[in-house]
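Single-structure report; data block below.
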Amino acid sequence: MARLYSLITASLAALSFSMPASAASLSNDATAARADTLIAKAIALLPPSGPRRAIDQETIASFYLEIKRCDDASEILSGHEASQTENLERLAMTAHRTGLNDCTVELSRRWASKARQHKRPDALAKAGALLRLAGNVSEGLGIISEAESSVREPPTRTSYLWSIRSQTLQIYEGTDIFSAELERGARQLLAMPPGDNVLIGQPTGGRFAAWLLEHGNTDLAKTVAESVCASARGQTINCGYSGYLDRDLERLSREIAKGTPAQQSNALHMLYRNGALDRVVPHFPRMVDIQGGNKIAAFRSLVFYSNTIWQSDPKAAEEGARQALALGLTKADKAGGLDASSWRVLHSQLARIFAGSADTRSIKETLRRGKPQGKERDPYYAAIASGFARFGDVAAVERNIEAISTGQTQREAWLGIAVGTPGVPMERRMVALERALALPEGPRPMGGHPSHCPQLAGGAMIASEGASAEALISFGQINLSRGKNICGYRKYLLDAAVGTNGDERGTAIARELVETTDKPCVDWPCDDLRILQLLVDLRLLDEAEQFAMRFEEADRIRPLITVARGLFGSGRPRLLSRVSDRHGEGDEMARNGGAMERSPLLLLQARRHLRVSR
């Protein structure tokens, strides 16, 4: 079952990729013949029957649709029985994107049939919407009506009906009918009575608000946000898990400067989530006003944003840290939203920022206010050591880490410098890693469990700072030599390859990864499909084909199709590009160098900060 699940996951991922329309024409006959040979090999490997055959049929058919060969896709799907509606959705959407109208209609009808079978009105409505776009207007509208009429609950703003309608709108996005359908849907949403199911209502309201903002209908967007997602404090809540994202940076910059208190606070969050902290920094001195006179909220915001921007702009971070200290807070205030634990964490972050410029006076003041006692001092020492590592004061690093009370925490502090502190020269990172690995790991915390594949973090960050391929590989090999951890070493190298942005260092790393591969596999947690994709992204197609042929015959279809995709045009690099969530908190991560992605603690603090400050 685990193997089948792995195959399904891999194939679904393959189906989600799309190629530009220009990729349909090959550069020369030799390339075309080579691609056709790979496709023929893949077809010859199709199992005679069973779920696996269906998965492999979808993989090959998706590729045919991408290169505009509708008849071939239909032929390969002969006798195909999809196990999930999502599989047919991906095929139908691929046909639509590449302009294959006949295939779009055929696959949409099959999608609708599967949705009825599985009692999925949301999928049924989307299939109807796609039929409408394909020119079968009456048929499509009839199917949408059929899907909506299946919802029996009362028509409120939080009815399942709105989940269906918002998913239908996703199909229309980018077409001529989208704006009109969006406005009509938003006004219908506002006309309905409120409901209790916030799991549907808030994401729906947020999605509508986001679409309206992106299409210039600002007034209606704010009306939706304030009606569906307004908080008791009169401040717009980010609907759903991470909310809609207003991308109008110029208007947000005006609102944070001169808007109402609610507009200023909302603009603060939106600019942050757009990765536009440079537009927030000038307003650090006004943070108390932006937070409605709440000094605690202002303190949290200043420390949080300063800590976030420390990687890219340490001077701005230091200015924010000074503004935070200038607020004069002297103790935690749980009732005001700042408990003792948060108080210590925030002050340790301030200490790290000040250590980054060797400002010992401010470090002492931070410690005086933080009032850490006993082992509470350990995180402070670790943070200060990290800051001094960036500044380059080796003696201060040693002194602070030696002051930490336990070997395990010392190990974590050295690791933090090796893989998590920006601006540290590579040779010092190597020393820090050696020092960390020389210390005992110690017992794991309650609820912890040993990883089957412990990964050395920081590869992308270190590569983005310009480390050579040799240095990156050597850095990973230190970890490999200590624990014979080939799995973690390969994951680290893949992460580092992303940070190279596809330059010659990426090529050297890709070849090192190929050399460390014994028998490529597709089962989790194998990374061999990612290695293959890296080769394709780097246009090392001869090596990619050789690597694909090393997979077991039973697993070889997707690798062959991956190389064939590469032959049909460069397309969008899939491994070497970081694509943020459309309306999620990944937006900020992608634009700020992935700092949160590298630090689960920072991500947790981000979520907590946004939750409390709202």
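The values are calculated or read from the model by the stated rules, or taken from the named source; none is laboratory data. The model shown is predicted, which means the values in this text are computed figures rather than measured ones. All Cβ positions, even for glycine, are placed from backbone atoms using ideal geometry, and neighbour counts span all protein chains on display. For the accessible areas, the whole protein counts, side chains as well, though only heavy atoms, and no ligand, DNA or RNA atoms are used. Shrake-Rupley method; radii C 1.70, N 1.55, O 1.52, S 1.80 Å.
With R₀ fixed at 22 Å, the C-beta to C-beta distance from residue 86 to residue 151 puts the FRET efficiency at about 0.60.
Quick one: with all protein chains in place, what share of the accessible area of the stretch 471-567 is carbon or sulfur, to the nearest percent (1.4 Å probe)? Write down the numbers at each step before the final one.
Details: 1730 of 3720 Å².
Its accessible area is 47 percent carbon and sulfur atoms.
Among all the lysines, which ones have a C-alpha under 30 Å from residue 519's C-alpha, if same-chain residues fewer than 8 places away are not counted? Cross-link targets: 41, 484, 491. Can you give the translational diffusion coefficient of the stretch 521-570 in µm²/s, computed by Stokes-Einstein from the Kirkwood radius over Cα pairs at 25 °C and 0.890 mPa s? After rounding, the answer is 232 µm²/s.
What accessible area per residue comes out for the stretch 245-355, rounded to a whole number of Å², with a 1.4 Å probe?
38
Under the simplified labelling scheme, the residue 312-residue 333 pair shows an inter-label distance of 3.2 nm, with each label point 7 Å from Cα along Cα→Cβ. Each Cα pair under 8 Å and six or more residues apart adds its sequence gap; the mean of these over the residue count of the stretch 471-567 is a relative contact order of 20 percent.
First compute the accessible area of the stretch 131-193 with a 1.4 Å probe, then give the percent of it belonging to carbon and sulfur atoms.
On the way: 1530 of 3000 Å².
Carbon plus sulfur share of accessible area: 51 percent.
Per residue, the stretch 471-567 exposes 38 Å² of solvent-accessible protein surface, assessed with a 1.4 angstrom probe and all protein chains in place. With a simple spin-label model that places each label point 7 Å from the Cα along the Cα-to-Cβ direction, the separation between residue 393 and residue 286 comes to 3.5 nm. Using θ = phi - 60° in the Karplus curve 6.51 cos²θ - 1.76 cosθ + 1.60, the 3J(HN,Hα) couplings for the stretch 254-260 round to 5, 5, 5, 8, 9, x, 5 Hz; x is entered for Gly and Pro.
Sorting the segments 352-365, 141-154 by their mean number of nearby beta carbons within 10 angstrom, highest to lowest, gives 352-365, 141-154.
As I understand it, the dipole of the stretch 471-567 uses +1 on the Cβ of Lys and Arg and -1 on the Cβ of Asp and Glu, about the Cα centre. Which of 492, 522, 561 lies farthest toward its positive end? Most positive-ward Cα: 492.
Apolar share of the accessible surface for the stretch 297-352: 50 percent from carbon plus sulfur atoms, 1.4 Å probe.
Regarding the stretch 471-567, what's the average projected area of the Cα-atom convex hull, expressed in nm²?
Working: hull surface 23.5 nm².
Its average projected convex-hull area is 5.9 nm².
Dipole orientation for the stretch 245-355: of the candidates 293, 268, 345, 345 has the Cα lying most toward the positive pole (charges on Cβ; Lys, Arg +1; Asp, Glu -1). At a probe radius of 1.4 angstrom, the accessible area of the stretch 118-158 per residue rounds to 45 square angstrom.
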